[in-house]
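J.: I'd like to ask you about the structure that follows.
Readers should treat all values here as calculations from the given coordinates under stated rules, not as data from a laboratory. Predicted model, so just to flag it, every value in this text is computed and none were measured. Here the Cβ positions follow ideal geometry from the backbone for every residue, glycine too, while neighbour counts run over all protein chains shown.
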Amino acid sequence: MKEKTSITLSTDVLAGIDRLAGSKRSRSAVIEHALRRYLKEHARTRMQARDLEQLNRAADELNAEAADVLDYQIAES
């Protein structure tokens with residue numbers, strides 16, 4: 001379902017939208033397509049940031065374990 005909304009855009013942005021739309025598509029279609037791509041990219045960026053945080057946390061734990069093993073080996077030498 002679609003809902004009608006009103007937005008205010010600068011003249012140059014609107015002209016760019018009109019160029020992209022040409023005679024085949026509406027302004028609304030161009031804007032919706034651009035926003036869908038933006039939202040998808042935003043979600044991907046958030047997911048990658050979350051994944052990186054998990055990887056870093058796991059790496060920190062593994063590094064701490066490795067340091068403990070090295071400390072133990074040095075103490076036993």
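J.: Within the range 22-38, does at least one residue satisfy the condition of being in a helix (DSSP H, G or I) and either in contact (Cβ under 8 Å) with a residue 40 or more places away in the chain or loosely packed, with under 10 Cβ neighbours inside 10 Å (or both)? Break it down stepwise before answering.
T.: Step one: of the range 22-38, the residues in a helix (DSSP H, G or I) are 27-38.
Narrowing further to those that are either in contact (Cβ under 8 Å) with a residue 40 or more places away in the chain or loosely packed, with under 10 Cβ neighbours inside 10 Å (or both): none.
No, the conditions are met nowhere in the range 22-38.
J.: Specify which of the listed residues (Ile17, Ile7) is under 26 Å from the mean Cα position of the chain (by Cα) and surrounded by fewer than 10 Cβ atoms within 10 Å (Cβ to Cβ).
T.: Working: Ile17 fails: surrounded by fewer than 10 Cβ atoms within 10 Å (Cβ to Cβ).
It is Ile7.
J.: On to the next question. Can you list residue pairs whose Cβ atoms sit under 8 Å apart, with the first residue in the range 1-18 being part of a helix (DSSP H, G or I) and the second being surrounded by 10 or more Cβ atoms within 10 Å (Cβ to Cβ)? Count only pairs 6 or more apart in sequence or on different chains.
T.: So the pair list comes out as Leu14/Arg27; Ile17/Leu9; Ile17/Arg27; Ile17/Val30; Ile17/Ile31; Asp18/Arg27.
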